[in-house]
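To start, the structure itself, in structure tokens.
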Amino acid sequence: MLTVRIIPCLDMDDGFVVKGLRFRDLKKVGDPVSLARKYYLEGADEIVFLDVGATVKSRNTMIEVVKKISAEIFIPLTAGGGIKTAEDIRNLLLAGADKVSLGTAAVENPALITEAARRFGSQCVVISIDAARASHGWHVFTHGGQKDTGLDALDWARTVERLGAGEILLNSIDRDGTGAGYDLELLIKTGEAVKIPVIASGGGKELHHIEEAIIRGKADAVLLASAFHYGRLTIPQVKEFLRTKGVRVR
């Protein structure tokens with residue numbers, strides 16, 4: 001088994017880290033730079049920073065916040081939100097991001113995935129798939145989880161891999177903020193559909209949720225937000241627990 005990554009997620013809106021339920025009713029949690037520093041010092045393997053209001057409100061990701069975070073941490077930083085062009089990606093990388101997360105822009109302009117992979121390398125390109133259960137399977141949602149594209153999530157995962165994506169951030173809208181555990185069926189089927197790494201996101205609250213996502217769901221990494229922000233779990237606690245289960249962690 002490869003080493004599993006533990007990744008705190010900082011969802012930001014109007015300058016504050018926020019958290020909600022199923023992408024709605026966002027509440028302020030704290031300062032993104034302070035939280036990034038805290039999680040880095042606690043042993044996070046990576047940080048994901050998403051300006052969740054950027055696409056909906058048609059504004060660019062806050063470059064200055066990315067600069068400040070990258071000056072405080074010395075682990076990989078993935079940044080996203082409001083990205084529309086390869087130049088936007090370049091600016092984020094120059095600001096200190098190691099990877100970029102594309103969601104709405106990838107759906108609206110799939111060629112951007114290939115252009116980004118060609119210019120900056122596939123390892124920089126993370127495709128964020130916000131998925132919710134539909135009558136058959138799961139649909140991809142865009143614009144902060146507000147717009148149902150009708151795209152089948154598994155088909156879209158295969159497509160982004162073919163276009164050059166290096167990783168998938170798989171967000172279960174149904175589980176987001178619920179603490180009910182990751183959507184294992186979605187996770188398993190996505191992992192079977194692609195060969196690139198898949199990050200499990202949405203619903204992680206208890207230690208056994210994380211274990212399930214890795215052991216049963218075959219996730220390459222687990223992303224957590226509320227569980228860390230509200231102090232229910234700590235990064236050292238998660239890593240020590242996983243070691244006792246035979247999971248390789250850094």
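Any read-out appearing in this document is the output of simple, stated calculations on the displayed coordinates, not a laboratory observation. This structure is a prediction, so every number in the text was calculated from the model and none was measured. We place every Cβ from the backbone using ideal geometry, glycine too, and count neighbours over all the protein chains shown.
Summary of computed values
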read-out: Cut-off 12 Å between beta-carbons: net charge of the residues surrounding LEU187, Lys and Arg +1, Asp and Glu -1; value: -1
read-out: GNM result for the chain, Cα springs below 10 Å: residue of GLY231, GLY177, GLY203 fluctuating most strongly; value: GLY231
read-out: Contour excess over end-to-end distance, with Cα ends at TYR230 and ILE215 and 0.36 nm allotted per residue; value: 2.9 nm
read-out: Pairs beyond 25 Å (Cα-Cα), from LYS147/LYS189; LYS28/LYS147; LYS28/LYS218; LYS28/LYS68; LYS38/LYS239; LYS147/LYS218; value: LYS28/LYS218; LYS147/LYS218
read-out: Equivalent ellipsoid dimensions for the chain as semi-axes, Å, which come from the Cα gyration tensor, largest first; value: 23, 22, 18
read-out: Loop trypsin sites (Lys or Arg not before Pro), segment 133-209 (other Cβ atoms within 10 Å of the site Cβ: 15 or fewer; DSSP); value: LYS195
read-out: Considering only segment 113-227, percent of DSSP beta bridges that pair antiparallel, nearest 5; value: 35
